[in-house]
Structure formats: C-alpha cells, structure tokens
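A.B. asks: Here's a structure for you.
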Amino acid sequence: MDPVIVRVVSLKKSYGPVRALDGISFEVGRGRIFGLLGPNGAGKTTAVRILTTLTRPDDGTAEIAGADVLANPAKVRSLIGYVPQELTVDPYLTAAEHLRYYADLYHLAGAAWETRTRELLALLGLAGQEGRRVRHFSGGMKKKLDLACGFLHRPPLMVLDEPSLGLDVQVRHDVWRYIEQLRDQGTTVFLCTNYMDEAERLCDEVAIIDRGRIAALGTPAALRSNLKRDVISVEVSASHDHHAEKLAALERAVAGLDLVRETMKDGTQLKIYVEQNELALPQILSSAAALSVPIHAISYSRPGLDEVFLHYTGHSFAEGNEHHG
Amino acid sequence: MGDFLRETKAQLVRWLIHTRREPFSMAFNLLNPVILLIFMGGAFQSLAKDFTGGDYRAYLLPGVLALTAFGNSMAGGIPLLFDKENGFLLRLMSAPISRASILLARFLAVNLNTLLQCALILILGLLFGIQIATGLTGAVALLFISLLLGFGVTIVSLILAFVLENHGDFFAILGITALPLTFLSSAFVPLESLPGWMRLLAQVNPMTYAVDGMRTLALVGWNGSVLAHMAIVLVIFDVAMFWVGNRVLRRHMA
C-alpha cells in the first residue's frame, strides 16, 4: 500500500478577491501526525474543507490514500473522520445516541459499534456517561465525545480542525494523549492549529502556513535547528566585586569562538547566541573557568516555533492574527 | 438502498428525539391554533352567522389546520440552518451518506410533527363539540389535505435553510410571511368578502385551495369537483416545489 495518505499538489482556492490558498503542496505519510500551523485566516480551514470534500479547489489536486477529492468524493468521505473546530454534538441526544447515530451513517455492523463505543468511551474517560444527555456535559466532555464520534468507523485518516481550541489544560492533555494513541495504532492524523505548543508537542511534521502559502515544512526539531540560534545565558553574581569587568572579559573571549554568532550584555547577564548549543556550551564554560568568572547561573533555551514563524514569514505570529483575524 | 434507508432512519430518529424531549415547544405551537379555534370561533360566532350559516368554529377549523400545517412546515428548515451554523451539517456532509437522506429525514420529521399537531387540534375541536359534515372519514381526509399543503411548504423551508446565511434572516422571513399569507387566503373569511386585490392574491395562495377543500368536507359533504380542484392545485404546488428544490439544493449541497 502507498505509504502516503495525504497528497496535496499546488492547491489553489480563492473567495472573490481573497486568495485563501495560493498553491500549497505537501504529503503526509501513514501513521504520522501532521500539523498545519498558522494564524487565523492563513488558509488552514480552507485546506481542511478541501480535504474533507466540503469545498472544491480552484486548481491543483488533493488525494486521500490515492482517492481524489474531486473525482471520488464518496471514497474520500469513507476514508476520513472529520471533527470540526466547533462543538458539533447535539445537546438533546445522549452520548450513546450520538455514537449510534454515527454508526448508522458510517454503516457499521451492529456488533462492531457496541465494542467500539465501549472502547472509545473508556479511552476518553467517558465510561458511565453514555446514558446522559449531552446538554449536561462540560465543554471538555463534549469535545471528547466529538472526537469519539469521529473515530468510531476507524478511518485511516483523522482530520481535526483546532482540536484543543478553548479547552482547559487537563482536557487539552487528554485530547493530546488520545491523538497520540490514534497515531500509535497506525492512524494518520491531519490537524490544524493556532497553538505553537500543540504543534511542538504533538506533530511529527509541521507545515507553517501564512497568507495561503506554505512558508516552511519539516519536523519541529528540523525547523528549529535551521534557525541556528540557540541562546545561552550566563549570569554573574552581583555581590562579587569585579563582576562587571569579568563579564566584559567573558564577552570578549567568547565573541572570538567560531560557533558564537552574537553576544548581548544586559546588566549581570550575558546572552550568547550560538549555532550548536551542545558544542558551544563546553567552550563557553572553559573560557569562564579560565577567566574565573563568578558564575551565578547558566541556562540555555532553544528557539520556539514562534521564532521559527518569524524567521520564515518575516512577521510575528500575533501580527498574522491581527492581519487576517 | 439499504444504506440509504439506514442513514435516513438514523437522522429521522434524531429529529424525533428532539420532538420528544422538547414537549413544551409542541405545546406552544399548539397554543395559537387552539386559541383561534376555541376563543375566536366562540367570540365571532354571531358576527359570522351571515356567511357560515351555522357554527363558525366548524367554518374556522379548516383555516386553523391549514395555518398549523403552513406554520409548522415553514419553520421546518430551521433546525437544519442551526446545524449549518454550528458545524453539525459540515460533519454530516463529510460523511459517506446520500445528501438526499439529510433532506428526506427532515422532511419526514416535519410532516410527522404536522400530522401530530393537526390530529391534536382536530381531536380538541371534536371534544369542544365541533361537528364535521363528513364524519370521521372526513376528519382523516382533513389531516391528509393539511399534509398535502405542508409538503410543498416544507420544501420551501428546506430551500431557505440552505440558501440563507443565518437564522436571523429565516425568522424575519417567517415573521413576514405567516400572517399575510393566512389573511390572503380563505382561512378566516370567504374569498368573496375580500377586497379585489386581496382576492387576487388569495387565488394564487395554495392555502386557499386547501382551506376550500377542507371547508367543503367540514360543512357540506363530499363535493367531488371542489375536492378535485383542490387536489390538482396542491399536487401541482408540491411537484413544482420539489422541482425547484431539486435544482437549488443540488447546487447548494454539491
């Protein structure tokens, strides 16, 4: 079988004068979690609508496990489980009635839906709640039920639009664990997110989308390492008599190192931007030791995806939200 | 075919669960027709003697049934519009189901509701002593005619649900159509008593034909020519709405 589950080639879609998608291309391999990361209005929802056969692209192709969304929408629909951004549960129905409803729509055999209902409700911590009307559910429980309904027919591809939007921390983690479990069982997950930490924590691969174009594509680690910008902060003890001179001497010494790209002094702190943190750190430490710098604390941080976004798009993530929100 | 029936049944069950778990909504829907029939019928009894020649409530019953069928059918698309607004419909449309099952399930649910409401009104009317000239068979025929009117109106409502962007517009349309269409018909007074321009409009209103047919059954008897006239007009109306709906909804649900 083709290991590529989602294949998108130069997809374009305009709404009047607005170019929602301006020729995006990507592939998602079987059993991977792929995240489309971008601010509101970047084109994420349009991409989801095309993959779920709800919107026709103007140009380009999109295939799910070899089935074209335009030529074979019925096949595509049977291969996906789509959970929209909004809560799409019905307050009048009980949890069990929801699952029964989707079992019928996806033509599941009677025995299969009962086992799967039990499994899914247990997996999402909803066991024992099946007889309650959803009207009385919390927001988190509704989202979990929504996700359970999407996976009832065990589709090879789950399409999740902003799966953790508006959820509290505990529920977010439950949802993330659930998505990881789906992946570990071999399901491919395509998700859209507005949250850096979600993309970072969850996704095997991330496409940064901005103004209808893909600005960067790769694993979160690869995207970060392309920046070559780890930061090492050295803080000297202010109580030491000559701490200012010592810090100045350290700055001069490390500025000469090959791996150091930039330094910045800020009070008792020295920020050193380096290419490879793991090689640079020992060199900086030995310089400090040679100069007997009175080190109070030392820390390093890797750039987050927000810096990655800034790097590839030339503007900050929040700015993108303002522009298109 | 098996899949289609299963999809339709699942969606119909969902709508019937709504009806069952929302009994107050049904009660409120029944309130207006019952007030019209019992109170207005009683209040205007003597005034209306000139054209009814008897019980104004029996004269009013067909109008009230038509009004109920019309109102219930016209509002029938609203839950689909809510589904559209909150994403539920997107999810349905991404499932491997026939688009027609979405429409058929809602259509059946709306008309089952209409049948139930009209039957309750009829039973209440009989309990209050309203006499129907054609008896029990005639009463069943009244229900059937109410549905025949409701079918076409339901399709109009389903079209609106898909064409309109939000439920505010829908409620506005409901508000401005229900009352005028009722008065621009023979629901409460005979056609001949309406001023010329109103009579003209009433003559293109399918509700007029449904009411005329039902009134014959309620007051006179089995008058073949009136009933045939009514049946032809209502069937043409239903078929025409089906044709329009088929064209418009195919485009909107593609």
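The values are calculated or read from the model by the stated rules, or taken from the named source; none is laboratory data. As the structure is a computational prediction, the values presented were derived from the model and not from experiment. As a convention, Cβ positions derive from the backbone with ideal geometry for all residues, glycine included, and neighbour counts pool all protein chains shown. The area values use the complete protein model at the heavy-atom level, side chains included, leaving out ligands, DNA and RNA. Shrake-Rupley method; radii C 1.70, N 1.55, O 1.52, S 1.80 Å.
A.B. asks: Just to confirm the number: angle between the C-alpha axis of helix A:110-123 and the first principal axis of chain A, 0 to 90 degrees, nearest 10?
C.D. replies: 30
A.B. asks: With a/c under 1.5 counting as rounded, go ahead and sort the stretch B:95-198 into rounded, prolate or oblate using the C-alpha gyration tensor (a ≥ b ≥ c being the square roots of the eigenvalues; past the cut-off, prolate if a/b is larger than b/c, else oblate).
C.D. replies: Judged from the Cα gyration tensor, the stretch B:95-198 comes out oblate (a/c at least 1.5, b/c at or above a/b).
A.B. asks: So which DSSP H runs in chain B come out at 30 Å plus along the axis (Cα) with average Kyte-Doolittle of at least 0.5?
C.D. replies: Helices passing the filter in chain B: B:99-127, B:135-163, B:224-252.
A.B. asks: Starting from one equal scatterer on each C-alpha and no solvent at all, send me the Debye-based log10 I(q)/I(0) for the stretch B:2-252 at q = 0.09, 0.12 Å⁻¹, two decimals.
C.D. replies: Relative scattering, expressed as log10 I(q)/I(0), comes to -0.41, -0.71.
A.B. asks: With chain A treated as a Gaussian network of Cα nodes joined by springs under 10 Å, which of A:Asn194, A:Asn40, A:Asn226 yields the largest mean-square fluctuation?
C.D. replies: Evaluated over chain A, the most mobile residue of the options is A:Asn226.
A.B. asks: Shifting gears a bit: Per residue, how much accessible area does the stretch A:4-225 show when a 1.4 Å probe rolls over the protein heavy atoms, in square angstrom?
C.D. replies: Spelled out: the 1.4 Å probe surface of the stretch A:4-225, per residue, equals 37 Å².
A.B. asks: Could you name the lysines in cross-link range of A:Lys13, using Cα to Cα under 30 Å and dropping any fewer than eight places away on the same chain?
C.D. replies: A:Lys13 reaches A:Lys44, A:Lys75, A:Lys143, B:Lys84.
A.B. asks: Moving on to the next point. Rounded to the nearest Å, what's the spacing between the alpha carbon centres of the stretch B:175-225 and the stretch B:131-148? Just the number, please.
C.D. replies: 17
A.B. asks: Quick query: amide H of A:Leu70 versus all other amide H atoms, modeled in the peptide plane; which residues come in under 5 Å with a sequence gap of 5 or more or a different chain?
C.D. replies: A:Ala62
A.B. asks: Continuing with this model, one more query. Below 19 Å, Cα to Cα, which lysines can A:Lys271 reach? Residues fewer than 8 away in the same chain don't count.
C.D. replies: A:Lys228, A:Lys246
A.B. asks: What are the ³J(HN,Hα) couplings of the stretch A:150-167, residue after residue, when phi is run through the Karplus curve with 6.51, -1.76, 1.60 and θ = phi - 60°? Round to Hz, x for glycine and proline.
C.D. replies: In residue order, the calculated couplings are x, 10, 4, 8, 6, x, x, 10, 9, 10, 10, 9, 6, x, 10, 4, x, 9 Hz.
A.B. asks: Now a separate question. What number, in percent, do you get for the relative contact order of chain A if the mean sequence gap of Cα pairs under 8 Å and at least 6 apart is divided by its residue count?
C.D. replies: Relative contact order for chain A comes out at 20 percent.
A.B. asks: Calculate what fraction, in whole %, of the accessible area of the stretch B:60-184 sits on carbon and sulfur atoms when a 1.4 Å probe is rolled over the protein chains.
C.D. replies: Answer for the stretch B:60-184: carbon and sulfur cover 79 percent of the accessible area.
A.B. asks: Which residue fluctuates most in the GNM of chain B (Cα springs below 10 Å): B:Ile232, B:Ile38, B:Ile78?
C.D. replies: Among B:Ile232, B:Ile38, B:Ile78, the largest GNM mean-square fluctuation belongs to B:Ile232.
A.B. asks: Ignoring ligands, DNA and RNA, what percent of the 1.4 Å accessible area of chain A is carbon and sulfur?
C.D. replies: 49
A.B. asks: Let me ask another. For the stretch A:285-294, take each phi angle, set θ = phi - 60°, evaluate the Karplus expression 6.51 cos²θ - 1.76 cosθ + 1.60, and give the result in whole Hz per residue in order, putting x for glycine and proline.
C.D. replies: So the J values, rounded to whole Hz, are 5, 6, 4, 4, 5, 4, 8, 6, 6, x.
A.B. asks: Want the number for A:Arg252 to A:Met264: 0.36 nm per residue separation, take away the alpha-carbon distance, what's left?
C.D. replies: That works out to 3.2 nm of additional length.
A.B. asks: Can you tell me how the protein assembly as shown classifies by the Cα gyration tensor, rounded, prolate or oblate, using a/c under 1.5 as the rounded cut?
C.D. replies: Taking the square roots of the gyration eigenvalues as a ≥ b ≥ c, the protein assembly as shown is prolate.
A.B. asks: Mind listing, in residue-number order, the residues in the stretch B:96-113 that have at least 50 Å² less accessible area with every protein chain present than in their own chain alone (1.4 Å probe)?
C.D. replies: So the qualifying set is B:Pro96.
A.B. asks: Let me ask another. Quick check: from the Cα gyration tensor, does the stretch A:230-301 come out rounded (a/c under 1.5), prolate or oblate?
C.D. replies: It is prolate, given that a/c is not under 1.5 and a/b is the larger ratio.
A.B. asks: Given the -39500 (n - 2.57) contribution per DSSP H run of 4+ residues, what per-residue ellipticity at 222 nm results for chain A, rounded to the nearest 500 deg cm²/dmol?
C.D. replies: -11500 deg cm²/dmol
A.B. asks: Now for a different question. For A:Ala297 and B:Ala119, FRET efficiency with R0 = 51 Å and r from the beta-carbon atoms, rounded to 0.05?
C.D. replies: About 0.05, to the nearest 0.05.
A.B. asks: Springs between alpha-carbon atoms under 10 Å, Gaussian network over chain A: tell me which of A:Ala96, A:Ala127, A:Ala289 tops the mean-square fluctuations.
C.D. replies: A:Ala289
A.B. asks: If you take every DSSP beta bridge fully contained in the protein assembly as shown, what fraction is antiparallel? Give it as a percent rounded to 5.
C.D. replies: Just about 70 percent of them are antiparallel.
A.B. asks: Given labels modelled 7 Å from the Cα in the Cβ direction, how far is it in nm from B:Trp197 to B:Thr177?
C.D. replies: 2.2
A.B. asks: Can you give the accessible area of B:Glu165, probe radius 1.4 Å, in Å² rounded to 10?
C.D. replies: Solvent-accessible area, nearest 10 Å²: 150 Å².
A.B. asks: Interface size between chain A and chain B, please: total buried accessible area, 1.4 Å probe, rounded to the nearest 100 Å².
C.D. replies: Adding both sides of the contact gives about 2600 Å².
A.B. asks: Also, quick follow-up: Which value at 222 nm does chain B reach when only helices count, each DSSP H run of 4 or more adding -39,500 (n - 2.57), with the total divided by all residues and rounded to the nearest 500 deg cm²/dmol?
C.D. replies: -25000 deg cm²/dmol
A.B. asks: Using the Karplus curve 6.51 cos²θ - 1.76 cosθ + 1.60 with θ = phi - 60°, what ³J(HN,Hα) values do you get for each residue of the stretch A:15-20, in whole Hz, with x for Gly and Pro?
C.D. replies: With coefficients 6.51, -1.76 and 1.60, one gets 10, x, x, 8, 8, 6 Hz.
A.B. asks: Any aspartates and glutamates with Cα under 16 Å of the A:Lys144 Cα? List them, leaving off those in the same chain fewer than 8 positions away.
C.D. replies: A:Glu86, A:Asp90, A:Glu97, A:Glu119, A:Glu130, A:Asp161, A:Glu162, A:Asp168, A:Asp174, A:Glu180
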